[in-house]
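Down below is the structure, laid out as structure tokens.
No lab work stands behind these numbers, since they all come straight from the coordinates. Keep in mind that what you see is a predicted model, and the values were worked out from it rather than measured. No Cβ is skipped: glycine too gets one built from the backbone with ideal geometry, and neighbour counts run over all protein chains shown.
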């Protein structure tokens, strides 16, 4: 056999294709610019969307009235014109929920600050040892 054997590079190029061309300088700059534009857009969107229609709460206290009732006090901070709903719960010593209520916190009076104080009485199945807000959200269905 006198046939010459192909080199390893030629054999690999025939099997997998030739070497890839490097991205041009202009292509690299365009790719970096597009990635930066997308990143800036996402950061702006996250920043704006988290500040619009946001609501926060702070538990300020609770009082166990008797085995069938617990009062929960809390503050809600939101845009004065928006309506929020808060899920308030009472728990027993085993951390089981023994009372639960969803409270609607409507638009505040004109000139009121963003933070308002609230007190809710929960009916409980058994003696509670704590009361707190589970979560709050903006009620998108309220007008």
For an R0 of 25 angstrom, estimate the FRET efficiency from the Cβ-Cβ distance between residue 93 and residue 59 and round to the nearest 0.05. 0.85
Of the candidates 35, 96, 22, which one comes out as most mobile in a Gaussian network treatment of the chain with C-alpha springs shorter than 10 Å? 22
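For the chain, take the convex hull of the Cα atoms, compute a quarter of its surface area, and give me that in nm², please. Please list the in-between numbers first.
Values: hull surface 80.2 nm².
One quarter of the hull surface, i.e. the mean projection, equals 20.1 nm².
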Which one, 74, 57, 46, has the greatest fluctuation when you compute a Gaussian network model over the chain with C-alpha springs under 10 angstrom? 46
So for the chain, averaging the separation of alpha carbon pairs under 8 Å that are six or more residues apart and normalising by length, what relative contact order in percent results? 26 percent
With labels modelled as points extended 7 Å from the Cα through the Cβ direction, what inter-label distance (nm, one decimal) is found for residue 130 paired with residue 80? 3.5 nm
Relative intensity, log₁₀ I(q)/I(0), of region 9-51 from a Debye sum that treats every alpha carbon as a point, q = 0.15, 0.22, 0.25, 0.28 Å⁻¹: -0.60, -0.76, -0.82, -0.88
With label points set 7 Å from each Cα along the Cα-to-Cβ direction at residue 10 and residue 24, the distance between them in nm comes to 3.2 nm
